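Read through the structure below, which is laid out as structure tokens, and then see the notes.
The values are calculated or read from the model by the stated rules, or taken from the named source; none is laboratory data. Values in this document were obtained by computation on a predicted structure and should not be read as measured data. For neighbour counting, all protein chains shown are included, and Cβ atoms are generated from backbone atoms with ideal geometry for every residue, glycine included. Side chains included, ligands, DNA and RNA excluded: accessible areas come from the protein's heavy atoms. Shrake-Rupley method; radii C 1.70, N 1.55, O 1.52, S 1.80 Å.
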Amino acid sequence: MLSRWMSGSSRNLDREYNCTVRLLDDSEYTCTIQRDAKGQYLFDLLCHHLNLLEKDYFGIRFVDPDKQRHWLEFTKSVVKQMRAQPPFTMCFRVKFYPTDPAALKEEITRYLVFLQIKRDLYHGRLLCKTSDAALLAAYILQAEIGDYDPGKHPEGYSSKFQFFPKHSEKLERKIAEIHKSELSGQTPATSELNFLRKAQTLETYGVDPHPCKDVSGNAAFLAFTPFGFVVLQGNKRVHFIKWNEVTKMKFEGKTFYLYVSQKEEKKIVLTYFAPTPEACKHLWKCGIENQAFYKLEKSSQVRTVSSSNLFFKGSRFRYSGRVAKEVMESSAKIKREPPEIHRAGLVPSRSCPSITHGPRLSSVPRTRRRAVHISIMEGLESLRDSAHSTPVRSASHGDAFTAPGRSGRAESSERVAVIADENYSPADSVLPTPVAEHSLELMLLSRQANGAPCSIEEEKESEAGTPAAAEAEEVGGELRALCPGAGGLGAAQAEQVNKFVLSVLRLLLVTVGLLFVLLLLLIVLTESDLDTAFFRDIRQTPEFEQFHYQYFCPLRRWFACKVRAVVNLLIDT
């Protein structure tokens, strides 16, 4: 039996697992790993496949069966981190956005970062005003198809490409105009470099939003950028905190705390509620890693961080890897022939296509498009009315959403479908967006109704390999959870009450424990024969002698008498 068990164990240790990693150009890399293979081993295989040396900016992401995203930890076993059944499906993504992507040493690294930001633009994570959106899209067009050629590119050729969640015919004409007149002669590498330089100036560069609620029950998105911590509500950036001002991050259950120390010793604690405890822990770990990567001077300064306090045992986590300054110093020492880059070109993709897979919104007949938008706006208005919540949108655009009557709503809805420069003013909104009249939540809900992929959440169907229907249901559930409903504030208050009760219980338990320890120490002092210097000094004090003879000895005699009486009673019966 022992030999059979040992042979079975050896077979489990030697077992191989198939892994499929989806790359940034939507190609796939397949390999097999051993049961005890660490995440670093799989990551090194990928980087060798990509001929990538500046690899510290990248990571491997996966989605568990509960639809929660995770970054693969390189110091732990891959198999133990994956809760799903093999074969495993993961994604290669940018984990730490370079502070200055144009300063990257190698072209292959810049190309991979370009692909990531292109995905961010398509999925709505990189928000910008109309003029910037047209320029970014024109750079992508120049990098993929080269110079404008009237023989190859007929009128309306830019409409064949999908750069954003949705865009208008006017924006398509603007993109084609910039591509024809301003970018001629640029190589793909030059266009990608100019794209990176422009994207790096936008406020949402490097944003990977985490959906949460604030203490009032309002939806918010938390994100970590190369420059600090960001809170987005609607189309506004309500908080921006530099990394050197963040003193501590911790979480308890679904509650995330950010401790901030600003000038003049002003201290702030920001509190947010994640949808699940797992989501909150993921948010906390991302914050710890980003702060260590961008703030520290050397990796030797990294310390193990704990989310625990006096009454709560939390998680412990330590960032493993080099910090940004070390990565840049290491990149400067790279001396090799530039590796050959195989650009994806016009290959369609599942999650971030260059060529659109379905009809654009502007290609839908105008009457049908108006009806679609009227139904969307009516649903949003009824949702806001039933929730009694304040719409999260720019105040300067309020009139566009509060027009009285059905005809007013239809007229406003028609304006939403078209991006117009004259309707947008950079001073109106701290966080500009390509859809000038939309707030972030409105864009999310309208895209869901039109069957488009979610703009804030990563393309989970692509990462997890789940059916589209399940993905739509998951996105809808998250949106319903994030929309501040009538019971949003009550739920937050109830959660605060529960936390207070738990804190009181923990305090009582700690108090009882301390009293028990003091009682044990008292018994040792009075009853034991230990004659250490510490105990001897205590016993020789007048206070202890008085307590011992006047209180403890009578109490001991009384207790002993009661115990004998109880024993005699039990014997007699």
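Classify segment 107-179: rounded, prolate or oblate, from the alpha-carbon gyration tensor (a ≥ b ≥ c, eigenvalue square roots; a/c under 1.5 rounded; otherwise prolate if a/b is larger than b/c)? Oblate. The residues of segment 209-332 have, on average, 46 Å² of accessible surface per residue, using a 1.4 Å probe with all protein chains present.
Apply 1/(1 + (r/R0)^6) to the Cβ-Cβ distance of residue 494 and residue 521, taking R0 = 41 Å, and write down the FRET efficiency to the nearest 0.05. Each step should come with its number before you reach the end.
Working: r = 41 Å, r/R0 = 1.00.
According to the calculation, E is roughly 0.50.
For residue 239, the residues whose modelled amide H falls within less than 5 Å of its own, excluding neighbours fewer than 5 places apart on the same chain, are 231.
Taking 24 Å as the limit for the C-alpha separation, the pairs 129/267; 55/335; 55/160 exceed it in the case of 129/267; 55/160. Distance cut-off 24 Å, Cα to Cα: go down the list 166/236; 198/333; 76/105; 118/254; 105/325; 198/281 and report the pairs above it. From 166/236; 198/333; 76/105; 118/254; 105/325; 198/281, over 24 Å: 198/333; 76/105; 118/254; 198/281.
Residues whose amide H falls under 5 Å from that of residue 253, counting only those 5 or more places apart or on a different chain, are absent, with hydrogens built in the peptide plane.
With r as the distance between the Cβ atoms of residue 51 and residue 329 and R0 = 22 Å, compute the FRET efficiency 1/(1 + (r/R0)^6) and round to 0.05.
Values: r = 21 Å, r/R0 = 0.96.
With a Förster radius of 22 Å, E is 0.55.
Scalar couplings 3J(HN,Hα) for segment 97-107, obtained by applying the Karplus form with A = 6.51, B = -1.76, C = 1.60 to θ = phi - 60°, are 6, x, 4, 10, x, 5, 8, 4, 5, 10, 5 Hz; x denotes Gly and Pro. Net charge in the neighbourhood of residue 317 (other residues with Cβ under 10 Å of its Cβ; Lys, Arg +1, Asp, Glu -1) is +2.
Based on the Kirkwood radius over alpha-carbon pairs, what is the Stokes-Einstein translational diffusion coefficient of segment 508-572 at 4 °C with 1.567 mPa s viscosity, in µm²/s? If you can, show how the numbers build up before the last one.
Values: Rh = 14.0 Å.
Answer, rounded: 93 µm²/s.
Across segment 154-170, coupling constants 3J(HN,Hα) worked out from phi with the 6.51/-1.76/1.60 Karplus curve, θ = phi - 60°, read x, 4, x, 5, 5, 6, 6, 10, 10, 8, 10, x, 7, 8, 9, 5, 5 Hz, and Gly and Pro carry x. Ranked by the mean number of other Cβ atoms within 10 Å of their residues, highest first, the peptides 255-268, 129-142 fall in the order 129-142, 255-268. Based on protein heavy atoms only, segment 508-572 ends up with 85 Å² per residue of surface accessible to a 1.4 Å probe. Contact order, relative form, for segment 209-332: 18 percent (alpha carbon pairs under 8 Å, 6 or more residues apart, mean separation divided by residue count).
Tally Lys/Arg at +1 and Asp/Glu at -1 over every other residue whose Cβ is under 12 Å from the Cβ of residue 104; what's the total? Surrounding charge for residue 104 is -2.
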